[in-house]
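Everything below concerns the one structure shown next.
The values are calculated or read from the model by the stated rules, or taken from the named source; none is laboratory data. Please read these numbers as outputs of a predicted model, since none were measured by experiment. All Cβ positions, even for glycine, are placed from backbone atoms using ideal geometry, and neighbour counts span all protein chains on display.
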Amino acid sequence: MTEQKETSAVVEETRDAVDTAPQAHTAESQKGNKTSLTLSVIAIAIALAAGAGMYGLMKKQDASQSSTNEALVNQGTALQNAQASQKAALEAVIKQQSEQLAAAKQLQAGQAKQLDELQQKVATISGSDAKTWLLAQADFLVKLAGRKLWSDQDVTTAAALLKRADASLADMNAPSLIGARRAIANDITTLSGVAQVDYDGIILNVNQLSNQIDNLRLADNNDDDSPMDSDGTELSGSLSEWRDNLRKSWQNFMDNFITVRRRDETAVPLLAPNQDVYLRENIRSRLLVAAQAVPRHQEETYKQALDNVSTWVRAYYDTDDATTKGFLDALDKLRQQNINMDVPDSLQSQPVLEKLMQTRVRNLLAQPAAATQASSAPAAAAQGE
């Protein structure tokens, strides 16, 4: 029984414990649910706040990114435009340079062609007979002789040039040139008969007259040496004879009021004091003009200048003086001197040599390049063999 009682007591205690345990667990569960709800609300609030912050930050970043992207797009567009303009300018420069290069190539090709033709002509002439060069030399010497003869009136040099031309033709030793040599000989004979003028001597004589101007003596042109009161009437120094003095003065005045003198020569104008210096310089200048006209063969200027000098010397200087007479004699000899030579108007040898040059040299230069190459090909083949 005791054991049953003890067993019953244990069972009851177990029941009591079982009954009290769910109650305690229920209270704790209710308390835990409230805490979890609070924490959930707090977590939700924090999440909402964080989400709002993240949204604002992301929106701000999106706006900044959009502005940055827009700026980059604008920069890219500007860069593309700049590249397009630079590309167009570069293409224009390249096109211009291409055109210039094409023109330069065309010009170079033309010059190369001309140089080739010239080289072919030079080769043709160089390969021709040396007699052609002698003929060209003779033609040049004859033309130079004509230039010296007509431009400078240098007969001596012209004759020497003609003799050298004849020597060049003689070196050719060609019977066909007898006519040309005969024409040159006739020209030399004609020039030997021309009366030559000593131009250097004339210029020296003119300069010598210029140096003698200071030795000339001026003439005294005051021919009226008689006084106006040369009638012998003299006035008295006495006051008591004033009536006689008045009558004599009146008579002298009436007698010499109008004077008529006879002059057989032209009146010479008088020189003012110290004007003789200007007169001498004017004479020197005219003599210088005459000297410069001699080598230029200006005979009219030469004679006019000497005529002016002769007129001035005879008008203002003492022609009875020995120095003046010698000056005028030398001046008259120079005035009679002819400064132009009677040279022939043409040379017989010029047209003859001109015709020979046309047939031997100029026709050779006028040959086309093809003919030159054709003529040089057999020669090259012959040399190869």
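Would a scan of region 88-111 turn up a residue that is under 30 Å from Gln358 (Cα atoms) and either part of a helix (DSSP H, G or I) or of a type in the set (Asp, Glu) (or both)?
yes
For region 303-331, enumerate the residues that are under 25 Å from Ala293 (Cα atoms) and part of a loop (DSSP other than H, G, I, E, B).
Those that are under 25 Å from Ala293 (Cα atoms) and part of a loop (DSSP other than H, G, I, E, B): none in region 303-331.
Within region 303-312, does at least one residue satisfy the condition of being in contact with a Lys or Arg (Cβ under 8 Å, 6 or more places away or on another chain), small (Gly, Ala, Ser) and modelled with pLDDT of 90 or more?
Among the residues of region 303-312, at least one is in contact with a Lys or Arg (Cβ under 8 Å, 6 or more places away or on another chain), small (Gly, Ala, Ser) and modelled with pLDDT of 90 or more, which makes the answer yes.
Name the residue, out of Ser210, Ser249, Ser240, that is under 30 Å from Gln153 (Cα atoms) and at pLDDT 60 or above.
Ser210
Which residue pairs have Cβ atoms closer than 8 Å, lie 6 or more positions apart in sequence or on different chains, and pair a first residue in region 340-353 that is within 19 Å of His297 (Cβ to Cβ) with a second residue that is of a type in the set (A, V, I, L, M) and not in a helix (DSSP H, G or I)?
Short answer, once both residue conditions are applied: Asn340/Val197; Met341/Val194; Met341/Ala195; Met341/Val197; Asp342/Val194; Asp342/Ala195; Val343/Val194; Pro344/Val194.
Test Gln383 against the stated conditions and say whether it is part of a helix (DSSP H, G or I) and modelled with pLDDT of 90 or more.
No; evaluated as a whole, the condition is false for this residue.
If you check Gln120 against the conditions, is it touching a helix residue (DSSP H, G or I) at 6+ places or on another chain (Cβ under 6 Å) and farther than 29 Å from Leu347 by Cα?
Yes.
Are any residues in region 178-221 in a helix (DSSP H, G or I), more than 19 Å from Leu141 (Cβ to Cβ) and over 45 Å from the mean Cα position of the chain (by Cα), and if so, which ones?
Within region 178-221, Ile213, Asp214, Asn215 meet the criteria.
Can you find a residue in region 172-186 that is surrounded by 15 or more Cβ atoms within 10 Å (Cβ to Cβ) and closer than 30 Å to Arg335 by Cα?
Checking region 172-186: not a single residue is surrounded by 15 or more Cβ atoms within 10 Å (Cβ to Cβ) and closer than 30 Å to Arg335 by Cα.
Out of curiosity, is Arg147 free of Cβ contacts under 8 Å to residues at least 12 places away in the same chain, closer than 21 Å to Asp345 by Cβ, under 34 Å from the mean Cα position of the chain (by Cα) and part of a helix (DSSP H, G or I)?
yes
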